[in-house]
1. Are there any pairs, at least 6 apart or on different chains, whose C-beta atoms fall under 9 Å, with the first in the range 309-327 and touching a residue at least 24 places away in the same chain (Cβ under 8 Å) and in the same structural domain as Val154 (by TED's automatic domain parsing) and the second of a type in the set (Asp, Glu) and part of a strand (DSSP E or B), and if so, which?
2. Just to be sure before I move on: is Pro298 within 18 Å of Gly315 (Cβ to Cβ), crowded, with 16+ Cβ neighbours inside 10 Å, under 21 Å from the mean Cα position of the chain (by Cα) and within 16 Å of the ligand (Cβ to nearest atom) in the structure I sent?
3. For the range 345-366, what are the residues that are assigned to a loop (DSSP other than H, G, I, E, B) and surrounded by 14 or more Cβ atoms within 10 Å (Cβ to Cβ)?
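The values are calculated or read from the model by the stated rules, or taken from the named source; none is laboratory data. Keep in mind that what you see is a predicted model, and the values were worked out from it rather than measured. Note: ideal-geometry Cβ built from the backbone for every residue, glycine included; neighbour counts use all protein chains shown.
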Amino acid sequence: MILCLSSLSFSQSLFQVEPYIIFSKNNVSHLAFELNTPALVKVKLNSKLRQGLINLKNRFEKKKFYKLKIGKLRCDKTYNFEVKVESEQYHKVQTISHPCDETKPLKFLFITDTQSIKTNPRRGYKRHKSIATAVMEKLKEEDVNFAVHAGDVVSKGGNPKHWLDFFELAKMYLEKLPIIAALGNHDYQAEDPEGNPKTFNKYLRAKRDSLLGNVFLSFPQVDLLIHNTNYDHLTKKEIKKQFSWIEKKCLQAKVENKKVILVSHHPAFSSTFGHITKDTKYIRKNLLPIIEKVGNVPLVLTGHVHTYERSEKDGIVYLNGGSSGGIFNPSRYKNPYSKFVVRSKPTYSLVEVSQMDILIKTFDKKNELVEEHKIEL
Ligand SMILES: [Fe+2]
C-alpha cells in the first residue's frame, strides 16, 4: 500500500497530530488525527456508505481527537481521504493499496525505539528526527507499503507531550505509510498498570483490537503477527493465551503455505545486557520452541536493546532494529547467535518480502547502507 498525503490550502496549526492511518486487526484501518481545538469535521472516502456513517456520527459533537474506522484497505485499489474541518481548510490523504498479486513484493519500513533519552530528551528527539528525515528522503525514490514499529514509541507512554513530539517527526513517514506498532515497556510508563496503556491505545490501536496488545495482519505475500512481550504487565493466563494464539495463527498460515513474520518489543538474543534479562530468557524458553516447531517463521523483528543486531538460530533470523531515539547500549555480552552488530548508530530498515526471499536493507541517518541481508524462503 502506498499512501500519499497532500495538504491543500490548510493551516499547519489546524492539526496537533496530522492525519495518519493505523492498521488494526485483520487489516482494518482507521484514520486518526488530533485538532488543536475541538471542531466538527467531515470526511470524504471511497466508501460512500462508510463516509455517510462517519459524518452522521460526528455531526453534532465537537471533538479534538478523531479515530475513524475506514474499513479494510483492499489490495490494488486507490483510496482518497479528505478531512474537512468546520472552515474551508482541509487535508487530503490518498492511498494506493498493497499488491494483490503474491508474485509482486510487499515492502515495509521497520523502525523501533523512537523514544527520547531520559537524561537528554533533546538528543533522542534529534535522533528520531535524523532517521525520520532519512526515511522521508528514501520514500521519494522507493514505494513502501506501510510502517512496522517494534515499540517504545515514546519514553513515557502516559505523557501526552511525548506523543506530540513523536508525531511531529513521525509525520515525515506517516504521511505516506500506515502504521502498526508493538507495545514497548516505555509505552506503559506513567500509565495505569492494569490493562493496555491508555495513550498508546488512543493513538495506535482500534477499539476492536485485542486487550493483550496483539494484532494479526494478512497480506497476499506474508502474514504479520504483532505480539506483546511485556510479560510483567500480563497475567499468567493472558501469557498462555497469547502463546496459544501465536501457535494457532502460524499453523493456520502454514495450511495456506504462507510465512509469518513476528514483531514484538523484547528480543530473544542480543549482545547487550538485554541478552540476560528476565524477559529475554522467558522468550527463549517459551516462544522459540513454538516458532521452531511450526517452521514457517523466517523472521522475528524486535527492538528494546538499542543496538542493531542480526542473529540467527535454527534457520530463523532475529533482527533487532537498534534505536531511532533511545540511548545506545554497550554490546559487551556474549550472544552465540549473533551474525552482525552495529554499535552506536541510529538505523532503520526496509524489509521486502517476495515469494523467493526476504530482503532486508538497513540504512543509517545519511541513508548509507549499513547492512543488506537476504533470507531465502
Ligand atoms: Fe524497551
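1. Once the first residue is touching a residue at least 24 places away in the same chain (Cβ under 8 Å) and in the same structural domain as Val154 (by TED's automatic domain parsing) and sits in the range 309-327, its partners that are of a type in the set (Asp, Glu) and part of a strand (DSSP E or B) give Arg310/Glu371; Tyr318/Glu309; Tyr318/Glu312; Leu319/Glu309; Asn320/Glu309; Gly322/Glu309.
2. Details: within 18 Å of Gly315 (Cβ to Cβ): yes; crowded, with 16+ Cβ neighbours inside 10 Å: yes; under 21 Å from the mean Cα position of the chain (by Cα): yes; within 16 Å of the ligand (Cβ to nearest atom): no.
Taking the combined requirement at face value, the residue does not satisfy it.
3. The answer is Lys345, Pro346, Ser354, Lys365.
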